[in-house]
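One structure below.
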Amino acid sequence: MQLKSRHLLGIEHLDKAEIELILDTAASFKEVSTREIKKVPTLRGKTVVTLFYEVSTRTRTSFELAAKRLSADTVSISTSTSSVQKGETLVDTVRNLEAMKPDYFVVRHSCSGAALMISRISQASIVNAGDGSHEHPTQALLDAFTMRERKGDISKLRVAIIGDIRHSRVVRSNILLLRKLGADVHIAGPATLLPPGMDRLGVTVTSDIGVAIRNADVVMMLRIQQERMDKSFFPSLREFAMYYGLTRERMRLAKSDAIIMHPGPINRGVEIDHELADCDRSVILDQTENGVAVRMAVLYLLAGGNPAGEAS
Amino acid sequence: MRILIKNGRVVDPSQELDDTRDILIADGKIARVEPAIVDSEARVVQAVGQIVAPGFIDLHTHLREPGREDKETIASGCEDAAAGGFTSICCMPNTNPVNDSRSVTEFILARARQGGIVNVFPIGAVTKGSAGDHLAEIGDMHEGGCVAISDDGKPVKNALIMRRALEYASMFSMPVIDHCEDSNLADGGVMHEGYYSTLLGLRGIPAMAEETMVQRDIIIAAATGGHVHIAHISTAGSVAAVRDGKKRGVRVTCEVTPHHFSLTDKEVVSYETAMKMNPPLRGESDVQAIHAAIKDGTIDCIATDHAPHTYDDKNVEFDYAPFGIVGLETAVSLALDRLVNTGLISVLRLVALFSTHPARILGLKNKGTLRIGADADITFLNPQKKIAIDAERFRSKSRNSPFHGWKLKGSPAGVIVGGKIIWHD
């Protein structure tokens, strides 16, 4: 089986079988990162350009390591050091990079729809590494991979997602993916950060974190950004933490074996208590680890699934 | 020079006329409207199978001259308007410099006389530089040829300025045209706030951003007796407010654009920047309310909000693209196809929306009518002609249309401006 598209623009375009294919492929790639020589020849001769219009540590590093471990050549471009500073448009930047014949663009951009826009003008495979508040498909895939690894069958899980729902691309991709795999999804956040129409995505919406967390198998906390406070989405980080911070007490509402997830970076003491972030129920570092395997799988499958070399 | 238009279906709402007539034009005026006129010296224009209407007037056009002649000039905008079936266009003042003084008004009119093939009526700014702080010289601009005032592109943010503008403009019998949008509520949005903005992760402009200001304007118009005209009305709440205001006798009128009765926010899923305009494409229930308001007369006219932008300006991320689409060459076909062919309104109403009512709103006594002595501005329509919209062939300098490739039934078939045949099929 292969993916239908040569791009990964969002979970929206994947069906259940494709999602499972990516997760299964990632499982076979995970072992590579534990070897002494962390490299397979799978994508030898391919070029991966990471084009990041927003700052990122984990996603970018994860993609670059994924590409390198598949023996692809990587070039990373960030806007702070590129011609974007000279006022070059996204289209012109991509067309110029395109002329150097890359095989992949991994794109992070603050504008929703940017990856789709690039896919319309590029011959390369486009991987959306986060576009505005729209989608972050590899994050949702690595989250699903981690849930499956820890909790088994996703269709039997109750997942609570808490925090800044409005601005989060992570939540959109996660909702789409979890619903396609049949999970029971509950989202919670202050009314100011719940955008309209969420219920049409097949999730339960509440402003009461307790209601969302109750009986959850998975509690996923979202990052809250300081600048939201300045625009009066909530009065203070202190009050946000009062109502939406994950504490030991609130965690007791979830199932006793529930796991805690966070896409990072964490605001310790705001959306999650210090001790909870590091406790044994937290799988935050597993998420980061699994990110490499999932991105290896994505790069591999977008190349058609059977380039020079096998998955394992 | 006389022109005799033969055997057309003459539709003139100002006389409640919808019947086969001949029209004789002499010296740039309507001379006779009767069955079977004979005039051996007149140039004959055969209009069998066509609708012959008083010239269509676009109340809301953005010509980019002066300032952005790469997007549109007064001449190119006029050609585009004529091709689209308009004989008059009213140009918004948000040029560079802003039309906030008589000298800019006179510049526009001078350019229109040189190269404009349709009538151009400038709309002056409400405030200096459209900055919202101090009234522009409204009386002087009126004497220079302005027919209305507006800070379009922006709302008149300050309610006190709106009050003063309505009071002051009423001395010159000019409407104040307001782009109703509370910019705090709009909060940097780029599309309608609703399910699709949530799905797409794009910032929403809520309906209430428009509706609160429509309500405010109606309250101020009621209190001052001034005439407020709501530009590009787009939400169910706004039309309800206008309907209620009219019922109470407030001097409020409004216009709708073809895209707001033809498209919904669902179209934005493509992230195509041709779907980005302000006000944004609204939800399904808003579009239904717009249709009902067109049918029941709450909406007075159809205006294009023709907003040309270059390919490069639009070929950027959705968030960064400027608002606006071109509309002069698509408006009439969209209205025929979507409003008349569907049975929502009659041809008589269509002509009122495009001609009689805009003329009345602006106080243009010799336009919007085919009465004897009126200006010989004529729009011909072919209600049967099937067309495919091809943006590459627009006379406008810009191509930013969401309707490229659309197939529609009904088309303009010619225009006569001031007794001069510009084109006729």
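The values are calculated or read from the model by the stated rules, or taken from the named source; none is laboratory data. Computed from a predicted structure; not experimentally measured. A quick note on method: Cβ atoms are made from the backbone with ideal geometry, for glycine too, and the neighbour counts reach across all protein chains shown. Accessible surface areas use protein heavy atoms only, side chains included; no ligands, DNA or RNA. Shrake-Rupley method; radii C 1.70, N 1.55, O 1.52, S 1.80 Å.
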- Starting at the first residue of the stretch A:268-284, write each ³J(HN,Hα) from the Karplus equation 6.51 cos²θ - 1.76 cosθ + 1.60 with θ = phi - 60°, in whole Hz, x for Gly and Pro. 4, x, 9, 7, 8, 5, 3, 5, 5, 4, 9, 6, 6, 7, 6, 10, 4
- Task: Could you pull the Rg and Dmax for the stretch B:194-248, using just the Cα atoms, both in Å?
- Result: 13.7, 44
- Message: Which lysines, if any, have their Cα less than 22 Å from the Cα of B:Lys71, not counting same-chain residues under 8 positions apart?
- Response: B:Lys154, B:Lys276, B:Lys314, B:Lys397
- Cα-based reach from B:Lys246 at 20 Å (exclusive), listing aspartates and glutamates while leaving out same-chain residues under 8 positions away: B:Glu167, B:Asp178, B:Glu210, B:Glu211, B:Asp217, B:Glu255, B:Asp286, B:Asp296, B:Asp300
- Task: Would you please give the residues with an amide H less than 5 Å from that of A:Leu246, counting only those at least 5 places away or on a separate chain, with H modeled from the backbone geometry?
- Result: A:Ile272, A:Asp273
- Cut-off under 5 Å, modelled amide H: who pairs with B:Ala136 long-range: B:Thr127, B:Lys128
- Message: With a 1.4 Å probe, what is the total accessible area buried between chains A and B, in Å² rounded to the nearest 100?
- Response: 1800
- Query: Just how much of B:His229 is accessible, in Å², when a 1.4 Å probe is used and the result is rounded to the nearest 10?
  - Reply: 0
- Item | Computed FRET value (nearest 0.05) for B:Ser40 with B:Asp140, which takes r as the C-beta separation and R₀ as 60 Å | 0.75
- Have a look at the stretch B:309-335 and report residues whose accessible surface goes down by 20 Å² or more when the remaining protein chains are included, against the chain on its own, probe 1.4 Å, ligands and DNA/RNA excluded. B:Asn315, B:Val316, B:Glu317, B:Asp319, B:Tyr320
- Query: How many percent of all Cα-Cα pairs in chain A sit more than 29 Å apart?
  - Reply: 35
- Relative to the isolated chain, which residues of the stretch A:97-114 have their accessible area cut by 40 Å² or more in the presence of all protein chains (1.4 Å probe, heavy atoms, no ligands or nucleic acids)? A:Cys111, A:Ser112
- Query: Pairing the Cα long axis of helix B:207-224 with the longest principal axis of chain B, what angle in degrees results, from 0 to 90 and rounded to the nearest 10?
  - Reply: 70
- Item | Heavy-atom accessible area per residue - the stretch B:42-192, 1.4 Å, Å² | 34
- Item | Rotationally averaged projected area of the stretch A:137-283 (alpha carbon convex hull; nm²) | 7.6
- Mind ranking B:Arg43, A:Arg238, B:Arg203, B:Arg21 by accessible surface for me, highest first, 1.4 Å probe? A:Arg238, B:Arg43, B:Arg203, B:Arg21
- Note on the structure: Helix B:284-296: inclination vs chain B longest Cα principal axis, degrees, rounded to 10, gives 40
- Task: Using Cα positions and a limit of under 12 Å, work out the aspartates and glutamates in reach of B:Lys386, with same-chain residues fewer than 8 apart set aside.
- Result: B:Asp337
- Message: Quick check: Cα centre of the stretch A:33-47 to Cα centre of the stretch A:223-257, how many Å?
- Response: 40
- Under the Karplus relation with 6.51, -1.76 and 1.60 and θ = phi - 60°, whole-Hz ³J(HN,Hα) for the stretch B:125-131, x at Gly and Pro, equal 6, 6, 10, 4, x, 6, 7
- Query: Efficiency by 1/(1 + (r/R0)^6): what FRET value for B:Arg2 and B:Asn184, r their Cβ-Cβ distance, R0 = 45 Å, to the nearest 0.05?
  - Reply: 0.20
- Note on the structure: Of the listed links B:Lys365/B:Lys407; A:Lys30/A:Lys151; B:Lys128/B:Lys247, those spanning more than 27 angstrom between alpha carbons are B:Lys365/B:Lys407; B:Lys128/B:Lys247
- Just the number, please: carbon plus sulfur as a percent of the accessible area of the stretch A:229-312, 1.4 Å probe, no ligands or DNA/RNA counted. 49
- Message: Is the C-alpha gyration tensor of the stretch B:56-362 telling us rounded, prolate or oblate? Criteria: a/c under 1.5 is rounded; beyond that, a/b larger than b/c is prolate, otherwise oblate.
- Response: rounded
- Hey, with R₀ at 25 Å, roughly what FRET efficiency would A:Tyr243 and A:Glu149 work out to, going by the Cβ-Cβ distance, to 0.05? 0.20
- Task: For B:Val269 paired with B:Glu106, estimate the spin-label separation in nm (one decimal), with each label point 7 Å from Cα along the Cα-to-Cβ line.
- Result: 5.6
- Quick one: which residues, 5 or more positions from A:Lys46 or on another chain, have an amide H under 5 Å from its amide H? H modelled 1.01 Å from N in the peptide plane, none for Pro or chain starts. A:Asp73
- Convert each backbone phi in the stretch B:315-330 into a coupling constant with the Karplus relation 6.51 cos²θ - 1.76 cosθ + 1.60 (shift: θ = phi - 60°), then list the ³J(HN,Hα) values in order as whole Hz, x for Gly and Pro. 8, 9, 3, 3, 4, 8, 6, x, 6, x, 9, 6, x, 5, 8, 10
- Message: If you average the alpha carbon positions of the stretch B:3-72 and of the stretch B:297-361, how far apart do those two centres end up, in angstrom?
- Response: 20
- Message: Please give the Cα centre distance for the stretch A:67-108 versus the stretch B:248-276, rounded to the nearest Å.
- Response: 37
- Message: Can you classify the protein assembly as shown as rounded, prolate or oblate using the Cα gyration tensor, where a ≥ b ≥ c are the square roots of its eigenvalues, rounded means a/c under 1.5, and otherwise it's prolate if a/b beats b/c and oblate if not?
- Response: prolate
- Sort B:134-147, B:63-76 for me by packing, meaning the mean count of neighbouring Cβ atoms within 10 Å per residue, highest on top. B:63-76, B:134-147
- Message: What is the percent carbon and sulfur in the accessible area of the stretch A:159-228, measuring with a 1.4 Å probe over the protein chains and ignoring ligands?
- Response: 45
- Task: May I ask you to give the solvent-accessible area per residue for the stretch A:137-283, in square angstrom, as obtained with a 1.4 angstrom probe?
- Result: 39
- Degrees, to the nearest 10: B:74-83 long Cα axis against longest axis of chain B: 60
- Message: From the helices alone, meaning DSSP H stretches of at least four residues, give me the mean residue ellipticity at 222 nm for the protein assembly as shown, per-run term -39500 (n - 2.57), in deg cm²/dmol to the nearest 500.
- Response: -9000 deg cm²/dmol
